[in-house]
1. Please verify whether R44 is of a type in the set (D, E, K, R) and surrounded by 14 or more Cβ atoms within 10 Å (Cβ to Cβ), treating the condition exactly as stated.
2. Any residue in segment 21-45 that's touching a residue at least 24 places away in the same chain (Cβ under 8 Å): show its pairings with residues that are among the small types (G, A, S) and surrounded by fewer than 11 Cβ atoms within 10 Å (Cβ to Cβ) at Cβ separation under 6 Å, as long as the two are six or more apart or on different chains.
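Just so it is clear, none of the values below were taken in a lab; they were calculated from the coordinates. Predicted, not measured: the structure shown is a model, and the values here were computed from it. Glycine also receives a Cβ, built like all others from the backbone with ideal geometry; neighbour counts cover every protein chain displayed.
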Amino acid sequence: MSAVPEKTMYVGQNSNGFEVKDVTPLEALRSVAYQLEHKQSGARLLHLYNQ
């Protein structure tokens, strides 16, 4: 069984107008959940990263 992938973003990091608000490893899904917020519009994004 594969491990959780390495984090690629960190809390406080900015990318394309989005700020990373939270980073949560999800061992059961072998994924990392990234919660981001768009600074200008306030839109929220949940990105599940896995390999």
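1. no
2. R30/S2
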